[in-house]
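*Asks:* Here it is, the structure in full.
The values are calculated or read from the model by the stated rules, or taken from the named source; none is laboratory data. In this text the structure is predicted, and so the values were computed from the model without any measurement. Just so you know, the surface numbers come from the protein's heavy atoms only, side chains and all, with ligands and any DNA or RNA stripped out. Shrake-Rupley method; radii C 1.70, N 1.55, O 1.52, S 1.80 Å.
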Amino acid sequence: MRMTASKWIAWALFGNDEDGIYGDASFNPGGRRDRITAVRWWVRNPFHNLTFHVIGVPRPFVSVGDFPNDVFAPFGGWNRCVRIGANGRRYPFLSYIGRCKFYVGWRERGNFGIKLTRNR
């Protein structure tokens with residue numbers, strides 16, 4: 001059965017195929033199933049299906065680069081990687097850790113992400 005456009009948009013923006021509506025065990029150790037828990041999980045982790053399944057790297061994929069299995073270089077500085085998806089396309093990733101933490105691109109699990117924070 002095909003998904004309508006409105007259902008597909010709701011799935012892409014609000015869904016989490018891996019951890020469900022109420023979050024994973026580390027977020028929801030008591031297993032509560034109420035609206036407040038669902039809203040808290042979505043606010044913590046919005047766009048999960050979008051970043052993993054819609055614009056994420058098609059599986060299986062190969063990672064090549066400085067530290068291909070890490071988001072940040074273990075001893076600081078730059079980390080440059082490329083994920084090569086099952087479709088043959090290249091998905092770049094760049095991160096830096098120093099006075100700030102920064103990354104942009106397709107991370108080690110194949111999902112797209114952007115982050116910029118000050119490092120303490």
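*Asks:* Can you give me the solvent accessible area of T37 with a 1.4 Å probe, rounded to the nearest 10 Å²?
*Replies:* About 10 Å², rounded to the nearest 10.
*Asks:* Moving on to the next point. Could you tell me how many degrees, from 0 to 90 and to the nearest 10, lie between the Cα long axis of helix 5-14 and the main elongation axis, the longest principal axis, of the Cα atoms of the chain?
*Replies:* Orientation of helix 5-14: about 60 degrees from the principal axis.
*Asks:* Heavy-atom accessible area of W42 with all protein chains present, probe 1.4 Å, nearest 10 Å²?
*Replies:* 80
*Asks:* A follow-up question, please. Rolling a 1.4 angstrom probe over the protein chains, ignoring ligands and nucleic acids, what is the accessible area of V62 in square angstrom, nearest 10?
*Replies:* Rounded to the nearest 10, the figure is 90 Å².
*Asks:* Largest first, what is the accessible-area ranking of F93, F67 with a 1.4 Å probe?
*Replies:* Reading off the accessible areas and sorting them downward yields F67, F93.
*Asks:* Find the relative contact order for region 32-120 and round it to a whole percent, using C-alpha pairs within less than 8 Å whose residues are 6+ positions apart.
*Replies:* Relative contact order here is 23 percent.
*Asks:* For region 54-60, just list the computed ³J(HN,Hα) in residue order, Karplus coefficients 6.51, -1.76 and 1.60, θ = phi - 60°, integers in Hz, with x standing in for Gly and Pro.
*Replies:* With coefficients 6.51, -1.76 and 1.60, one gets 8, 10, x, 6, x, 8, x Hz.
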